[in-house]
Structures are given as C-alpha cells and as structure tokens.
1. Could you give each residue of the stretch 169-177 its phi-based ³J(HN,Hα) in whole Hz, using Karplus coefficients 6.51, -1.76, 1.60 with θ = phi - 60°, and x for Gly or Pro?
2. May I ask you to evaluate 6.51 cos²θ - 1.76 cosθ + 1.60, the Karplus curve with θ = phi - 60°, for each residue of the stretch 18-31 and list the ³J(HN,Hα) values in order in whole Hz, giving x for glycine and proline?
3. Output wanted: per-residue J couplings in Hz (rounded whole) for the stretch 195-206, from phi through Karplus 6.51 cos²θ - 1.76 cosθ + 1.60, θ = phi - 60°, x for Gly and Pro.
4. Considering only C-alpha atoms, what is the centroid distance from the stretch 108-127 to the stretch 55-77, in Å?
5. Would you calculate the convex hull of the Cα atoms in the stretch 1-61 and tell me its volume per residue in Å³?
6. Would you please give the residues with an amide H less than 5 Å from that of Val35, counting only those at least 5 places away or on a separate chain, with H modeled from the backbone geometry?
7. Check the straight Cα-Cα distances from Lys4 and name the aspartates and glutamates below 17 Å, setting aside those fewer than 8 residues away within the same chain.
8. Could you list, in their original order, any pairs among Lys57/Lys100; Lys10/Lys125; Lys23/Lys125; Lys23/Lys108; Lys185/Lys208 whose Cα atoms are separated by more than 31 Å?
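Derivation of every value follows stated rules applied to the coordinates shown; laboratory data play no part. The shown structure was predicted, so the numbers you read here are calculated from the model rather than taken from an experiment. Virtual Cβ from ideal backbone geometry, glycine too; neighbours counted across all protein chains shown.
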Amino acid sequence: MAAKYVTISKAASLVGESNFVLKQWVEDFSDLTTVKRDEKNVRIFSAENIEFFKKIKAYKERNMDTQTIKQLLQNHSDGTSNNNGLNNQDVAELKATLSKITSFIESKEVQSMIHMDELLDKLEKNVVSSVTDKITETAKLQTEVARIEFSDLQDMLTSLEVTAEAERESYKEEVQYEREIAQKKTDEREERFLAFVKEHQYKQERMKQEKTGVGLIKQILSFAR
C-alpha cells in the first residue's frame, strides 16, 4: 500500500468518528467522492478523502441532514470546477439558502427543542432518582416493620416461657400439696389401725385372764367340797 493511503481505522481516527460511521458515509456520499480499494479489496483513504469526510463531520455537527450536505458539497464542487464561474444570482441564492439553514438551526423553535431535550433528560434523571429513593425508603420501612414484628414475637415467646415456667411451678406446688395430704391421711389411717390392734390385743388378754380366774375359783370350790 502506498504511503499516501491509510486504512479505514486510521482514517476514522483522523476524521474523529468510528469505523462504522465512516463506512456509512462512504456509502451515503459515494456519488461525490471515491474511496479506492487495495489488492485485497480493502478500502484505503487518501488525504483528499479524509478532508472530504472532515467537512461532512462539520456539517453533521450543525445538525444538517445528508441531502442538504450533498447539495452544499455539490455546489462547492461545481463552483470549484467552473473556476468561480457562478453568477451573482447563484451566489445570492446560495447565500440565502445558507442563511435560511443557519437561521433555522438558531431559531427559537430548534433551540426550544434542544432545551426541551435537556429538560426531558433532567426530568428522566429526577424521576429515576425519585423512584430509587422511594424504593430505598420503602425497603427501609419494610425492614423496620419486620424488625418490630420480630421483636414483638420474641417478647411473646419470652412471655410464654415465663408463663409456662410459672404454671409448672404452680403445678409442682399443687402436686406436692396433694402428696402431703395423701401422706397425712395414710399416716392417720395407720395410727388408727395400730390403735385398733392394740385395743383388740388388750381385750383378748383380759378375756384370757378372766377365764383363768374363773377356772381357778372352780377348782378351789371343787376341793372344798
């Protein structure tokens, strides 16, 4: 490749656009400029090509459409080829067209649209920020509610544990009291039974003694006879 030609990547860098945009411009303005290809069928750009696309970039930055840019470049090309042979009327019409384009770009309507775009961008950012803040606030509120509910649940469980412990203690006391009453009744029954046995033994002993006395008396009486 000759040194005066560069690849599309280098050309895009010199023009200040991406490879994709430069390739699109090559196709859109193919009727006004020709970009050569090397033996590998790869596009190569000359210095004239680069200057041409720099002009297109300048027009694009002024928000001109492709058709208007083509007209301006065509008029410029015609003027150069005719060696400045434009008559005064053509020059006046061209100036009038350029003036209209400039006035349109600088008009209140266009500026208002640009300002409106800026306002819309700002509004979008504010809405996104507001929604984000709202979501964050809602998440915090839900977290706090969950924490309170969890705390209440913990208090309830603690209260239930205290109540259950108190009920267990009360049940233990009742059982102990019932046991003491049962033991007391058992002791009383045993005492009554022992007293009954002693009394019965005492009566049996007396009856034996009485029988022994009567027999003795009978024997004495029998000897006396």
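1. Once rounded to whole Hz, the list reads 5, 5, 5, 4, 5, 5, 4, 4, 5.
2. Karplus values, whole Hz, x for Gly and Pro: 7, 4, 4, 5, 5, 5, 5, 5, 4, 6, 5, 10, 5, 7.
3. Ordered by residue, 3J(HN,Hα) equals 5, 5, 5, 5, 5, 4, 4, 5, 5, 4, 5, 5 Hz.
4. If we compute the Cα centre of each part, the gap is 26 Å.
5. Looking at the stretch 1-61, the number lands at 78 Å³ per residue.
6. Amide H to amide H, under 5 Å and 5 or more residues apart or across chains, Val35 pairs with nothing.
7. Qualifying aspartates and glutamates at Cα under 17 Å: Asp38, Glu39, Glu48, Glu51.
8. Lys10/Lys125; Lys23/Lys125; Lys23/Lys108; Lys185/Lys208
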